[in-house]
(Lines give C-alpha, C1' and ligand atoms only; values in the text may rest on other atoms or scores of the structure.)
Protein backbone atom coordinates (compact mmCIF):
# COMPACT_ATOMS: atom_id res chain seq x y z
CA UNK A 1 0.00 0.00 0.00
CA UNK A 2 2.90 2.37 0.67
CA UNK A 3 4.71 1.51 -2.57
CA UNK A 4 2.03 2.97 -4.92
CA UNK A 5 1.78 6.09 -2.75
CA UNK A 6 5.57 6.51 -2.77
CA UNK A 7 5.74 6.03 -6.54
CA UNK A 8 2.95 8.56 -7.08
CA UNK A 9 4.63 11.07 -4.76
CA UNK A 10 7.96 10.79 -6.61
CA UNK A 11 6.22 11.23 -9.97
CA UNK A 12 4.35 14.30 -8.73
CA UNK A 13 7.54 15.83 -7.33
CA UNK A 14 9.40 15.20 -10.58
CA UNK A 15 6.60 16.71 -12.65
CA UNK A 16 6.45 19.89 -10.60
CA UNK A 17 10.21 20.46 -10.50
CA UNK A 18 10.57 20.07 -14.25
CA UNK A 19 7.56 22.28 -14.93
CA UNK A 20 8.83 25.24 -12.87
CA UNK A 21 9.82 27.94 -15.39
CA UNK A 22 13.22 29.58 -15.15
CA UNK A 23 14.40 33.01 -16.21
CA UNK A 24 17.69 31.69 -17.62
CA UNK A 25 16.43 31.52 -21.19
CA UNK A 26 14.88 34.97 -21.13
CA UNK A 27 17.96 36.43 -19.42
CA UNK A 28 20.28 35.05 -22.09
CA UNK A 29 18.02 36.35 -24.86
CA UNK A 30 17.85 39.76 -23.18
CA UNK A 31 21.63 39.78 -22.77
CA UNK A 32 22.08 39.13 -26.48
CA UNK A 33 19.58 41.85 -27.33
CA UNK A 34 21.42 44.32 -25.07
CA UNK A 35 24.71 43.44 -26.75
CA UNK A 36 23.35 44.01 -30.25
CA UNK A 37 22.26 47.55 -29.46
CA UNK A 38 25.48 49.10 -28.23
CA UNK A 39 28.39 49.24 -30.70
CA UNK A 40 31.72 50.37 -29.24
CA UNK A 41 34.99 51.18 -31.04
CA UNK A 42 38.53 52.03 -29.95
CA UNK A 43 41.99 52.22 -31.45
CA UNK A 44 44.06 49.15 -30.70
CA UNK A 45 47.34 50.70 -31.75
CA UNK A 46 48.99 53.47 -33.72
CA UNK A 47 50.82 53.50 -37.02
CA UNK A 48 52.77 50.33 -37.77
CA UNK A 49 54.13 48.80 -40.94
CA UNK A 50 52.61 45.33 -40.68
CA UNK A 51 50.05 44.45 -38.03
CA UNK A 52 49.46 40.87 -39.14
CA UNK A 53 47.45 38.98 -36.49
CA UNK A 54 48.79 41.26 -33.74
CA UNK A 55 45.90 43.69 -34.27
CA UNK A 56 43.24 41.02 -33.71
CA UNK A 57 45.11 39.66 -30.68
CA UNK A 58 45.46 43.11 -29.16
CA UNK A 59 41.73 43.82 -29.62
CA UNK A 60 40.70 40.49 -28.10
CA UNK A 61 42.99 41.01 -25.11
CA UNK A 62 41.57 44.44 -24.39
CA UNK A 63 37.95 43.49 -25.08
CA UNK A 64 37.32 42.44 -21.49
CA UNK A 65 38.44 45.80 -20.16
CA UNK A 66 36.16 47.50 -22.69
CA UNK A 67 33.17 45.58 -21.24
CA UNK A 68 32.54 43.73 -24.53
CA UNK A 69 30.02 40.95 -24.98
CA UNK A 70 31.42 37.52 -25.72
CA UNK A 71 32.23 36.71 -29.36
CA UNK A 72 31.57 40.24 -30.66
CA UNK A 73 35.13 41.58 -30.71
CA UNK A 74 36.52 42.40 -34.14
CA UNK A 75 39.38 44.30 -35.70
CA UNK A 76 40.59 45.84 -38.94
CA UNK A 77 43.49 47.98 -40.10
CA UNK A 78 43.06 51.48 -41.48
CA UNK A 79 45.45 54.04 -42.97
CA UNK A 80 44.56 56.32 -40.04
CA UNK A 81 46.45 59.31 -41.48
CA UNK A 82 49.70 57.36 -41.30
CA UNK A 83 52.43 57.69 -43.86
CA UNK A 84 52.07 55.57 -47.01
CA UNK A 85 52.08 51.83 -46.24
CA UNK A 86 51.57 52.19 -42.50
CA UNK A 87 48.28 51.42 -40.76
CA UNK A 88 46.51 51.75 -37.42
CA UNK A 89 44.74 48.93 -35.59
CA UNK A 90 41.03 49.59 -35.08
CA UNK A 91 38.91 47.52 -32.70
CA UNK A 92 35.16 47.19 -32.17
CA UNK A 93 32.65 45.14 -30.23
CA UNK A 94 29.12 45.12 -28.93
CA UNK A 95 29.37 46.50 -25.43
CA UNK A 96 27.31 45.37 -22.46
CA UNK A 97 24.74 47.92 -21.40
Need the failing condition index for residue 63 against (1) surrounded by 15 or more Cβ atoms within 10 Å (Cβ to Cβ); (2) out of contact with any strand residue (DSSP E or B) (no Cβ under 8 Å at 6 or more places or on another chain), just the number.
(2)
Condition first: modelled with pLDDT under 90, surrounded by 14 or more Cβ atoms within 10 Å (Cβ to Cβ) and out of contact with any helix residue (DSSP H, G or I) (no Cβ under 9 Å at 6 or more places or on another chain). Can you find one or more residues in region 35-47 that meet it?
yes
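Kindly provide the set of residues from region 66-81 that are surrounded by 14 or more Cβ atoms within 10 Å (Cβ to Cβ) and either in contact with a helix residue (DSSP H, G or I) (Cβ under 8 Å, 6 or more places away or on another chain) or closer than 17 Å to residue 94 by Cα (or both), ordered by number. Spell out the reasoning first.
The first filter runs over region 66-81 and keeps only residues surrounded by 14 or more Cβ atoms within 10 Å (Cβ to Cβ), leaving 66, 68-69, 72-77, 80.
Matches in region 66-81: 66, 68, 69, 72, 73, 74, 75, 76, 77.
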What number of residues in region 66-97 are over 13 Å from residue 44 (Cβ atoms) and in contact (Cβ under 8 Å) with a residue 24 or more places away in the chain?
11
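The values are calculated or read from the model by the stated rules, or taken from the named source; none is laboratory data. The structure presented is a predicted model; accordingly, all values stated were derived computationally and were not measured. Every residue, glycine among them, receives a Cβ derived from its backbone with ideal geometry; neighbour counts consider all protein chains shown.
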